[in-house]
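Trainee: Quick one: the structure is below, questions incoming.
The values are calculated or read from the model by the stated rules, or taken from the named source; none is laboratory data. On a predicted model such as this, the values are computed, not experimentally measured, just so you know. Backbone-built Cβ (ideal geometry, glycine too); neighbour counts: all protein chains shown.
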Amino acid sequence: MYGIPKGVTLSVVCSLWLQASPIELGVIEVETQVESEVIHDVHGEDIKSADLAEALFKQSPSVAMVRRSGVANDVIVRGQKKDNINVTIDGAKVCGACPNRMDPPVSHVLTNTIESIEINEGPYSVEDFGVLSADVKVHTRKPSKEWHGDVTLGYGSWNYQKGAVTLSGGSERVRLLFSASTEKSEQYEDGNGDDFVGQIQREIDAGRVSTTKNPQYQAKYQGLDAYKKQTMMFKLFWDITDTQELKLSYTANRSDDVLYPSSKMDALYDDSDIYNLTYTIKSLGAYSQKLSLQLYQSEVDHPMSTQYREMGKPTRMTHALTTKMQGAKLTNLMGYKTHRITVGVDYSLRNWDGVYLKNDLPLAENFLHSIYDVDTQNVALFLKDEIKQGDLTLDFGLRYDATQITTQNASQQDNDYTQLNGYLFATYDRGDYHYFGGVGKSSRVPDGKELYWVGSPMKQADRTMKAPVIGTPTLNETLNYEVDMGVEMEFDDLSLKFKGFYSYLEDFIAYNASKANNRYESVDATLYGVTMSGSYIATESLYVDYGLSYQKGEKERPLEGQSGTNMPEIPPVKYNLALTYGYDESFDLKAEMVGAGSWSDYDEENGEQAMESYQVFNLKTTKRFESGIELTLGVDNLFDTTYAVSNTYKDLILLPTVTRSEVMLMNEPGRYFYTHLKYTF
C-alpha cells in the first residue's frame, strides 16, 4: 500500500500523548466536541413522518439519503454507508436483516422517540465496533421526575395518518416513560404525478425496465398503502442508591406491507425488538469514578416477497431473513491529575440467517440458504484519555479488536481478523476561534453478505444449475487512515465552522457488477471533502442556518474487467439553507431550501447514472397556545419539483433496465402538505 504508512498514525498518537505535561484538573465533563454534529430535539423538530433518514437529510449537510420507499430509508455520511458507518441506539448496536438494505439500522427507531442525534465523522471513536468513517449515536427521550405527557395527531398528503402518545414521570428514585405510535401512508406521487405503480410503468413504457419477469404490481395490489407502522417504547430509570443507577428499556417496531417499487420484492413485514440494560455505580474509589455495564439485544425478522408483483403469480418467491445482535460493554472512568481516562471491554455477537421459499415452502437444501447461519463475534479492549492544558485539549484513543466470522456452509471458509486502531484529536481554543484536527486509523470487517451471500436460484427444477455466489469469502477488512482539520468561529451574531478531511481506504469493499460470481472486491481508494456550516442571528426574531458539503472519491485502480475509477455513492455538492422567523415564543415560521449539484462523477460500470441538480423549498409554521396545544402546518417541495437524491449502485438489487447497464432511478415525493396537532399536559 501507499498513502499514510501503517505505523505512522499510532506512533504519532503515542508520542504526543506521552509528551503531554501534567497540570491539576478534575474530571472533564465533555458532552460533545467540535468534531461532532449534534441535532437536538428531533421529536419536536421533525414531525413529518417516522423516517429518520429523511429528517437527517434535511437537517445536516453531511448526510445524504438512499431512497427506497416511503419509509425505512438509508443514510450516507460523507460518502460512506452500510457497515462503513456505525449506528447505535442508546448505545445498543442494531443491524438490519435485509441484505438489500430495506431495513437499515436507522429505520428501527422513530423520530417521535428521539431526543438527539450525535454524528461523529471520521475514525475518532474506540468504544464501538466497526466505526470506519462515521459514528451515528441516536439518543432517545429520557423519563422525567415530574409526570407529564403529550398526544400528537398528524395528517398529510397521500392520506398520511399518524397518532402517538408519550407519558413520563415518577419520583426522585424511580422514573418511567411509555411511548406508542401508529402510522401509515398511501403511495406518494413524484413531481410528475406518478405513484409507485406509475413510476414503474413509466420505466416499462419507455423501454428501460425489462418485463421478462414483470415487476409491475398486480392489479389487485396496485392500491396498497406504501406502509403501515406501529411502535412502542418503555423505559425504567431507577436510582437504587445515591451512587447506583439501573436503566432498562424495550423498543418494539412492527411494519407491515412496506412497498419498495424500485426493487423486485416488497417487505411482507419488518419486526424488530431492542432490549437494553445499563447498570452504573459511581465513586468506587481512586481508580473508578464511574463503572458501567451495558447489556443489549436486538432482533429483526424480515421476509420480502414477490407476492404483490406480476412476477409473483402463480409462483411467488420469498426471501426470509433474521438477525440477532447481542452485546455487552464494561466501561470504567477514572481521573488522574490532568487525565480523564476510560478503559473498557466490548463484546458483540451477530447471527444472520436467510432462506429462500417458493410459495411459502423451503427450497431444496442446495438452493435454500442465502446467508447460512453466519456468526460475527467480536471481543475488544479500548482505552481513551482526555488531557487539557490551558487552551489545548488532547483526546487519545486505542482499540484492539479480535473478530471471528463463521458460517454453517461447509463449502465456505471461516475468517479471523485482528486489528489495532487508534487516534489523536486536538482542540485549541483561542477566544472566539476553536481550531481542531486529528489523525486516526480505524477498521471494519466484511459482513455476512459480502463474504457469503448466495443469490436466488436461477432454475428450481434443474438441479445442475447453481445460484450465483455473490459473496467473496477471502475479503480483507477495510482500513481507514484519515486526517481531519478545521476551525469553528463563534461571534455575537454569527457562528461558522469549516472542516476538511482526507481518507485513505485500504481494501475498500466495492461491488463489481461485471463478474458472475464473487462480486465483492477489495480495492484501495482515496476520499476527501469539505464541510461548512453555521448560523446567523439577523435580528431578535430572525435567524439563519446554513450548511454545505462536498466529497470526492476515487479508486486507485479499476475493478477486475472494468476501466472506471470513480468511487460509488459519493453524493455531489449538497447545501442546506433555513430561515426561521419567531414572532414570539408562541409562533414561528420556517422557510427551508435543500439542494444539490448534478451527479456528474459516478460509477457507471456498476449501475450508477448521471443525475440532474435540484433545489427544493419547504415551508413550516407552528403556533403554540397557552392551553398546551401546538399546531403545525407545512408543505415540502413547494414547487412540485421532480427530482431524485439517491443513485443506483448495483450492490442493491434494483429493477434492471433492458440493457442492464443501469437500474431504475426512484424519484422523491412531489408537493406534500401536512398538519400536526400536539397536546402537552
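Trainee: May I ask you to verify whether Val663 is of a type outside the set (S, T, N, Q), over 26 Å from the mean Cα position of the chain (by Cα) and at pLDDT below 95?
Mentor: no
Trainee: I'm trying to understand the selection: among the residues of region 361-380, which are out of contact with any helix residue (DSSP H, G or I) (no Cβ under 8 Å at 6 or more places or on another chain), surrounded by 15 or more Cβ atoms within 10 Å (Cβ to Cβ) and of a type outside the set (D, E, K, R)?
Mentor: Answer for region 361-380, where residues must be out of contact with any helix residue (DSSP H, G or I) (no Cβ under 8 Å at 6 or more places or on another chain), surrounded by 15 or more Cβ atoms within 10 Å (Cβ to Cβ) and of a type outside the set (D, E, K, R): Leu363, Phe367, Leu368, His369, Ser370, Gln377, Asn378, Val379, Ala380.
Trainee: How about region 477-492: which of its residues are modelled with pLDDT of 95 or more and either exposed (fewer than 15 other Cβ atoms within 10 Å of the Cβ) or more than 30 Å from Gly448 (Cβ to Cβ) (or both)?
Mentor: Val483, Asp484, Met485, Gly486, Val487, Glu488, Met489
Trainee: When region 299-339 is examined, which residues are found to be in contact with a Gly (Cβ under 9 Å, 6 or more places away or on another chain) and among the basic types (Lys, Arg)?
Mentor: Scanning region 299-339 gives a single hit, Lys329.
Trainee: Say we look at region 122-149 and pick out the residues that are part of a strand (DSSP E or B) and touching a Phe, Trp or Tyr at 6+ places or on another chain (Cβ under 7 Å); which of these is farthest from Gly79 (Cα to Cα)?
Mentor: By that ranking, first place goes to His148.
Trainee: Which strands (runs of 3 or more DSSP E) sit wholly inside region 264-349 and have at least 1 residues that are free of Cβ contacts under 8 Å to residues at least 24 places away in the same chain, of a type outside the set (D, E, K, R) and surrounded by fewer than 17 Cβ atoms within 10 Å (Cβ to Cβ)?
Mentor: Qualifying strands (runs of 3 or more DSSP E): 266-285, 317-336.
The rows are residues; the columns are (1) closer than 18 Å to Asp83 by Cα; (2) outside any strand (DSSP E or B); (3) of a type outside the set (D, E, K, R); (4) under 25 Å from the mean Cα position of the chain (by Cα).
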residue: Asn476; (1), (2), (3), (4): yes, yes, yes, yes
residue: Asp492; (1), (2), (3), (4): no, yes, no, no
residue: Tyr502; (1), (2), (3), (4): no, no, yes, yes
residue: Ile509; (1), (2), (3), (4): yes, no, yes, yes
residue: Ser514; (1), (2), (3), (4): no, yes, yes, no
residue: Gln551; (1), (2), (3), (4): no, no, yes, yes
residue: Thr580; (1), (2), (3), (4): no, no, yes, no
residue: Tyr583; (1), (2), (3), (4): no, no, yes, no
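Trainee: Do any strands (runs of 3 or more DSSP E) entirely within region 22-114 hold 2 or more residues that are modelled with pLDDT under 85, of a type outside the set (Ser, Thr, Tyr) and within 18 Å of Lys137 (Cβ to Cβ), and if so, which?
Mentor: Answer list for region 22-114: 36-40.
Trainee: Test of understanding: among Leu52, Leu56, Leu153, which residue is within 24 Å of Leu619 (Cβ to Cβ), surrounded by fewer than 24 Cβ atoms within 10 Å (Cβ to Cβ), hydrophobic (A, V, I, L, M, F, W, C) and touching a residue at least 60 places away in the same chain (Cβ under 8 Å)?
Mentor: Criteria check complete, one pass: Leu153.
Trainee: I've got another one for you. For Ser283, which of the numbered conditions (1) under 23 Å from Pro99 (Cα atoms); (2) polar (S, T, N, Q); (3) at pLDDT below 95 fails to hold?
Mentor: (1)
Trainee: So, one more: Yes or no: region 517-530 includes at least one residue that is of a type outside the set (Gly, Ala, Ser), in a loop (DSSP other than H, G, I, E, B) and buried (at least 20 other Cβ atoms within 10 Å of the Cβ).
Mentor: Yes; the residues of region 517-530 include at least one that is of a type outside the set (Gly, Ala, Ser), in a loop (DSSP other than H, G, I, E, B) and buried (at least 20 other Cβ atoms within 10 Å of the Cβ).
Trainee: So in region 227-261, with the set limited to residues that are among the hydrophobic types (A, V, I, L, M, F, W, C) and surrounded by fewer than 18 Cβ atoms within 10 Å (Cβ to Cβ), which one is farthest from Gln161 (Cα to Cα)?
Mentor: The residue in question is Ile240.
Trainee: Only one of these is at pLDDT below 95 and not in a strand (DSSP E or B): Gln562, Gln609. Name it.
Mentor: None of the others qualify; the one that does is Gln609.
Trainee: So, in region 86-101, of the ones that are surrounded by 24 or more Cβ atoms within 10 Å (Cβ to Cβ) and in contact with an Asp or Glu (Cβ under 7 Å, 6 or more places away or on another chain), which residue ends up farthest from Tyr356 (Cα to Cα)?
Mentor: Gly96
Trainee: Ok, one more. Tally up the residues in region 410-447 that are crowded, with 17+ Cβ neighbours inside 10 Å and assigned to a loop (DSSP other than H, G, I, E, B), please.
Mentor: 4
Trainee: Condition first: of a type in the set (S, T, N, Q) and touching a residue at least 24 places away in the same chain (Cβ under 8 Å). Now tell me which residues in region 536-551 satisfy that.
Mentor: Those that are of a type in the set (S, T, N, Q) and touching a residue at least 24 places away in the same chain (Cβ under 8 Å): Ser541, Ser549, Gln551.
Trainee: When residues of region 531-547 are filtered for being among the hydrophobic types (A, V, I, L, M, F, W, C) and buried (at least 17 other Cβ atoms within 10 Å of the Cβ), how many remain?
Mentor: Of the residues in region 531-547, 1 are among the hydrophobic types (A, V, I, L, M, F, W, C) and buried (at least 17 other Cβ atoms within 10 Å of the Cβ).
Trainee: Has region 416-439 got at least one residue that is closer than 30 Å to Ala467 by Cβ and among the basic types (Lys, Arg)?
Mentor: Within region 416-439, none of the residues are closer than 30 Å to Ala467 by Cβ and among the basic types (Lys, Arg).
Trainee: So which of Glu569, Glu612, Glu608, Glu626 ends up being surrounded by fewer than 16 Cβ atoms within 10 Å (Cβ to Cβ) and closer than 24 Å to Ser263 by Cβ?
Mentor: So the residue among Glu569, Glu612, Glu608, Glu626 that is surrounded by fewer than 16 Cβ atoms within 10 Å (Cβ to Cβ) and closer than 24 Å to Ser263 by Cβ is Glu612.
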